[in-house]
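Peer 1: Okay, here's the structure, questions in a sec.
The values are calculated or read from the model by the stated rules, or taken from the named source; none is laboratory data. Everything quoted here is computed from the prediction, not taken from an experiment. Cβ placement follows ideal geometry from the backbone for every residue including glycine, while neighbour counts extend to all protein chains displayed.
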Amino acid sequence: MKLSLLREAVTIVTLMTGIATTAACPVPVVDVFLIEGDDAPGTKTLFENFDRPSLSELGVVAFTADTDDATDADDVVYRGFELVAREGEPAPDAPGASFAAFEFFETGRQINAAGAVVFIATLRDVPAAANRAVYRDGDLIAREGDDAFGTEDRIYEDFGFAGVTDDGTVGFLADLDGNVDFDSAITLGGDILYREGDPVPLPGIPGVWTGNFDELQFNGRGDLIFEGDTQLPSASDKLLLVRRETGGIIEEVLAAQEGQTVETRTGTDTLELILQAALAEDGTWAFRGNLADAPSTADAIILSERGFMTQQGSDVPELPGVVTGNFNGVDVNRHGDVVYLADLEGATPPGVEEGLFVNGCLVITDGVEVAGLPEDTTLSDIGFEDLFINDDGLVVFAASYGGALAGDGLFTFQWPGTSCPADLDRSGEVGFTDLLAVLSVWGPCPPPCPQDLDESGDVGFTDLLTVLSAWGPCR
């Protein structure tokens with residue numbers, strides 16, 4: 001069946017187009033979103049610096065920042081240009097308390113498609129045992145000292161890695177009081193999904209979860225990725241687990257395990273460390289880590305579920321004589337586009353030390369001017385782990401700048417590859433590799449299934465025709 005389809009498809013393609021040539025990397029335009037000195041709406045103050053941004057699927061940027069207000073009133077949370085919370089204001093549902101500080105997390109999607117923003121707040125004028133809380137906009141979700149969801153006799157001691165689903169359900173990592181061997185839990189809504197001391201729910205992985213969970217991220221559907229410690233030997237005890245739900249069925253997938261064998265640019269190696277994870281809206285994952293056997297000039301790696309791989313020491317075609325150094329951040333969208341930060345090494349131009357990449361294509365480096373910055377001002381430091389890409393290809397990242405004027409800012413650009421969903425291998429063109437990708441999974445294909453271009457749950461003739469109609473360079 002598939003062979004017959006392939007013959008027919010090849011015939012059609014030959015008649016339509018012939019064989020296309022490989023497209024060059026796109027060159028998107030980087031725009032200033034906000035910089036120091038811009039008005040902070042709703043406060044009568046100016047922005048002074050910016051912390052971590054987050055990004056919704058509708059392109060709304062949420063972020064934490066400081067203003068030039070007094071030091072006891074300068075922390076703020078924004079949804080786009082709308083003030084969500086401000087230091088010194090009363091903390092809702094916490095009598096006598098006011099906001100003192102706010103936190104976003106590098107792996108957390110902290111704004112959903114509807115624009116709800118989740119953040120962790122430190123409170124003042126209350127006891128230290130009750131001064132941390134999770135909020136969704138103005139709604140208190142959980143607070144230190146409260147009874148912990150899903151337990152009978154435990155209370156919250158701290159929080160981390162909060163996220164919000166598209167229906168407004170809040171998930172977070174919490175430390176619980178009491179027994180230190182069972183004090184870490186991952187909560188979504190009113191349910192504990194995973195808890196230290198519970199059995200690891202993966203075939204072939206014996207024992208229970210030990211130590212703290214880390215690198216959490218929820219997506220809009222309520223899928224989850226996280227790193228957890230197990231009772232396995234220390235060289236293989238950390239796992240990266242993805243929890244996805246499709247049609248009411250929960251799927252738990254082992255994305256990566258320290259000690260596993262991986263294929264790299266330099267040959268077969270062993271994964272030594274998992275450092276940061278990312279989760280797309282359809283449950284597609286990516287992560288960055290370190291290798292055990294590669295030399296220190298090639299031991300950093302980024303891997304994704306779609307097969308994207310890049311390794312420290314890879315050539316940067318846009319800068320002859322330059323290679324990538326260590327990686328400092330990663331995110332992924334449902335199309336498989338992987339955005340990441342890398343140090344740059346080798347024959348770098350003056351002032352160039354870091355680069356931001358999408359799918360191996362260099363988008364921007366430090367040391368360059370960006371339209372919207374003051375004259376004679378260049379990027380000086382691209383934010384560590386502070387970047388996101390959504391399904392429309394919009395990317396937001398934090399960076400510092402220097403020269404005529406120094407400060408921090410938030411920047412965006414539109415990656416054009418995601419407007420070409422039939423480009424399944426993200427090469428910049430639709431070709432035979434994409435055609436074969438569709439034919440290889442012909443039939444029922446539950447998500448994440450990038451070949452199911454019409455999202456019908458099956459890969460069929462409509463998807464095949466979508467590939468054929470888009471044949472050639474993406475535009």
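Peer 1: Within segment 70-95, can you find the residues that are of a type in the set (D, E, K, R) and farther than 18 Å from Gly409 by Cα? Give the steps one after another, and end with the answer.
Peer 2: At the first step, the residues of segment 70-95 found to be of a type in the set (D, E, K, R) are 72, 74-75, 79, 82, 86-87, 89, 93.
Answer for segment 70-95, where residues must be of a type in the set (D, E, K, R) and farther than 18 Å from Gly409 by Cα: Asp72, Arg86, Glu87, Glu89, Asp93.
Peer 1: Kindly check whether there is at least one residue in segment 369-381 that is modelled with pLDDT of 95 or more and either within 17 Å of the chain's Cα centre (by Cα) or charged (D, E, K, R) (or both).
Peer 2: No; the residues of segment 369-381 include none that is modelled with pLDDT of 95 or more and either within 17 Å of the chain's Cα centre (by Cα) or charged (D, E, K, R) (or both).
Peer 1: Report, by residue number, each residue of segment 225-240 that is without any contact (Cβ under 8 Å) to a residue 40 or more places away in the chain and either under 15 Å from Arg288 (Cα atoms) or surrounded by 17 or more Cβ atoms within 10 Å (Cβ to Cβ) (or both).
Peer 2: Gly228, Asp229, Thr230, Leu232, Asp237, Lys238, Leu239
Peer 1: Could you grab me the full set of residues in segment 405-424 that are within 19 Å of Thr365 (Cα to Cα), touching a strand residue (DSSP E or B) at 6+ places or on another chain (Cβ under 6 Å) and modelled with pLDDT under 90?
Peer 2: Leu405
Peer 1: Which of the numbered conditions does Ser456 fail, given that it passes all the others? Conditions: (1) assigned by TED's automatic domain parsing to the domain that holds Val242; (2) within 22 Å of Arg306 (Cα to Cα); (3) surrounded by fewer than 19 Cβ atoms within 10 Å (Cβ to Cβ); (4) of a type in the set (Gly, Ala, Ser).
Peer 2: So Ser456 meets the others, but not (1).
Peer 1: Give the residue, chosen from Glu103, Glu82, that is closer than 17 Å to Asp386 by Cβ, acidic (Asp, Glu) and under 24 Å from the mean Cα position of the chain (by Cα).
Peer 2: Criteria check complete, one pass: Glu103.
Peer 1: How many residues are at pLDDT 95 or above, surrounded by fewer than 22 Cβ atoms within 10 Å (Cβ to Cβ) and either among the hydrophobic types (A, V, I, L, M, F, W, C) or farther than 16 Å from Val358 by Cα (or both) when one looks only at segment 302-315?
Peer 2: Residues flagged as at pLDDT 95 or above, surrounded by fewer than 22 Cβ atoms within 10 Å (Cβ to Cβ) and either among the hydrophobic types (A, V, I, L, M, F, W, C) or farther than 16 Å from Val358 by Cα (or both) within segment 302-315 amount to 1.
Peer 1: Tally up the residues in segment 276-301 that are over 26 Å from Cys449 (Cβ atoms) and either buried (at least 21 other Cβ atoms within 10 Å of the Cβ) or in contact with a Ser or Thr (Cβ under 7 Å, 6 or more places away or on another chain) (or both), please.
Peer 2: Quick first cut of segment 276-301, residues over 26 Å from Cys449 (Cβ atoms) only: 290-300.
With the extra rule that they be either buried (at least 21 other Cβ atoms within 10 Å of the Cβ) or in contact with a Ser or Thr (Cβ under 7 Å, 6 or more places away or on another chain) (or both), the set shrinks to 291-294, 298-300.
Here the count works out to 7.
Peer 1: Do the conditions hold for Gly329, that is, is it over 18 Å from Phe33 (Cβ atoms) and in contact with a strand residue (DSSP E or B) (Cβ under 7 Å, 6 or more places away or on another chain)?
Peer 2: So Gly329 does not fit the description; no.
Peer 1: Filter segment 341-355 down to the residues that are part of a loop (DSSP other than H, G, I, E, B) and free of Cβ contacts under 8 Å to residues at least 24 places away in the same chain, then identify the one that is farthest from Thr297 (Cα to Cα).
Peer 2: Checked segment 341-355; the qualifying residue farthest from Thr297 (Cα to Cα) is Pro350.
Peer 1: Mind checking whether some residue in segment 210-220 is of a type in the set (Val, Ile, Thr) and closer than 29 Å to Asn333 by Cα? Break it down into steps so the answer makes sense when it comes.
Peer 2: From segment 210-220, those of a type in the set (Val, Ile, Thr) are 210; that's our starting set.
Now drop any that are not closer than 29 Å to Asn333 by Cα, which leaves none.
No, because not a single residue in segment 210-220 is of a type in the set (Val, Ile, Thr) and closer than 29 Å to Asn333 by Cα.
Peer 1: Identify all residues within segment 318-340 that are farther than 25 Å from Thr284 by Cβ and either under 22 Å from the mean Cα position of the chain (by Cα) or without any contact (Cβ under 8 Å) to a residue 12 or more places away in the chain (or both); write none if there are none. Give the steps one after another, and end with the answer.
Peer 2: We begin by selecting, within segment 318-340, every residue farther than 25 Å from Thr284 by Cβ; these are 318-323, 325.
The one that is farther than 25 Å from Thr284 by Cβ and either under 22 Å from the mean Cα position of the chain (by Cα) or without any contact (Cβ under 8 Å) to a residue 12 or more places away in the chain (or both): Gly325.
Peer 1: Next question. So which residues in segment 410-469 are of a type in the set (D, E, K, R), assigned to a loop (DSSP other than H, G, I, E, B) and in contact (Cβ under 8 Å) with a residue 12 or more places away in the chain?
Peer 2: Those that are of a type in the set (D, E, K, R), assigned to a loop (DSSP other than H, G, I, E, B) and in contact (Cβ under 8 Å) with a residue 12 or more places away in the chain: Asp423, Asp425, Arg426, Asp454.
Peer 1: Only one residue in Gly115, Gly108 is in contact (Cβ under 8 Å) with a residue 24 or more places away in the chain, in the same structural domain as Val330 (by TED's automatic domain parsing) and over 23 Å from Gly383 (Cα atoms). Which one?
Peer 2: Gly115
Peer 1: I need a count of the residues in segment 291-314 that are closer than 22 Å to Leu424 by Cα and not in a strand (DSSP E or B).
Peer 2: Of the residues in that region, 4 qualify.
Peer 1: A further question follows. Is it the case that segment 116-138 has a residue that's aliphatic (A, V, I, L, M), surrounded by fewer than 16 Cβ atoms within 10 Å (Cβ to Cβ) and either under 18 Å from the mean Cα position of the chain (by Cα) or under 23 Å from Ala91 (Cβ atoms) (or both)?
Peer 2: Yes - at least one qualifying residue is present in segment 116-138.
Peer 1: Now a separate question. Working carefully through the options Gly197, Gly178, Gly204, Gly247, find the one that is under 30 Å from Glu57 (Cβ atoms), assigned by TED's automatic domain parsing to the domain that holds Gly283 and of a type outside the set (Phe, Trp, Tyr).
Peer 2: So the residue among Gly197, Gly178, Gly204, Gly247 that is under 30 Å from Glu57 (Cβ atoms), assigned by TED's automatic domain parsing to the domain that holds Gly283 and of a type outside the set (Phe, Trp, Tyr) is Gly247.
Peer 1: Residue check, Glu369 against (1) buried (at least 22 other Cβ atoms within 10 Å of the Cβ); (2) over 24 Å from Glu455 (Cα atoms), all met but one. Which one?
Peer 2: The single condition Glu369 does not satisfy is (1).
Peer 1: Please name all residue pairs, on different chains or six or more residues apart, with Cβ atoms under 7 Å, provided the first residue is in segment 256-274 and is at positive phi and the second residue is at pLDDT 95 or above and in a strand (DSSP E or B).
Peer 2: Gly259/Thr270; Gly259/Leu271
Peer 1: Can I ask one more? Considering only segment 358-381, state which residues are within 28 Å of Gly37 (Cα to Cα) and among the hydrophobic types (A, V, I, L, M, F, W, C). Break it down into steps so the answer makes sense when it comes.
Peer 2: Just the residues of segment 358-381 that are within 28 Å of Gly37 (Cα to Cα), to begin with: 363-381.
Passing the criteria: Val363, Ile364, Val368, Val370, Ala371, Leu373, Leu379.
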